[in-house]
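Nothing in this text is a laboratory measurement; each read-out follows from the coordinates by a stated rule. Please read these numbers as outputs of a predicted model, since none were measured by experiment. A quick note on method: Cβ atoms are made from the backbone with ideal geometry, for glycine too, and the neighbour counts reach across all protein chains shown.
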Amino acid sequence: MARENKRRDREEDNEFVDRLVHINRVAKTVKGGRNMSFAALVVVGDEKGRVGFGKGKAREVPEAIRKATDEAKKTMIRVPLREGRTLHHDLKGRHGAGKIMMRAAPPGTGVIAGGPMRAVLECLGVQDVVAKSVGTSNPYNMVRATFDALKRAESPRMIASKRGKKVGDLVTRRNDGASAPEALDATG
């Protein structure tokens, strides 16, 4: 039985990609001196539209990372992606003083994002996106602001079902990444 659980855990680990975003040494002052421990921030994703983050704290770095990874796997969210490579629409997120903006991008753009946001977007499986962080550069707030934005992401199918319409009524066909008004402006 224990062998099966270990095998299942190993298979599950292969399914997910994890990124260590930040590690911090913290000290607690007690009567006899200081107790040192480490806090870790980890992002975990399957690169197919699911991502989560977790924090862990322990006396040793590997134990803190393990705790953070376990928490990240428990708190995963699903984000709809267009063509499995970019976002459906522009997003804004906020947490504390951390504000972020993300825009869908045409194929070949790559992930243009900094630090903690890049880790979240790569674990999510986004290949083309332009993102900007305004305000704090605190990794905890940046990750939370990114998740705040990603939770607001909706696909045309989700919006159509809310409104009781068909997807075709909401979305016009895209021509090489350009929307219909831009195509008209180009022709004259």
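Key figures for this structure:
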read-out	value
17 Å Cα-Cα reach of LYS55 towards lysines, excluding residues that sit fewer than 8 places from it in its own chain	LYS67, LYS73, LYS74
Label-to-label distance, nm, for residues given as ASP90 and ALA58 (7 Å Cα→Cβ offset)	4.3
Over 24 Å between alpha carbons, listed pairs LYS31/LYS57; LYS92/LYS165; LYS28/LYS57; LYS48/LYS132; LYS99/LYS162; LYS99/LYS166	LYS92/LYS165; LYS99/LYS162; LYS99/LYS166
Principal semi-axes in Å for the range 23-73 [√(5λ), Cα gyration tensor, largest first]	28, 7, 7
Ranking of THR109, THR29, THR69 by count of other Cβ atoms within 10 Å, fewest first	THR29, THR109, THR69
Trypsin sites (Lys or Arg not before Pro) restricted to the range 30-73 and DSSP loop, no more than 14 other C-beta within 10 Å	LYS31, LYS48, ARG59
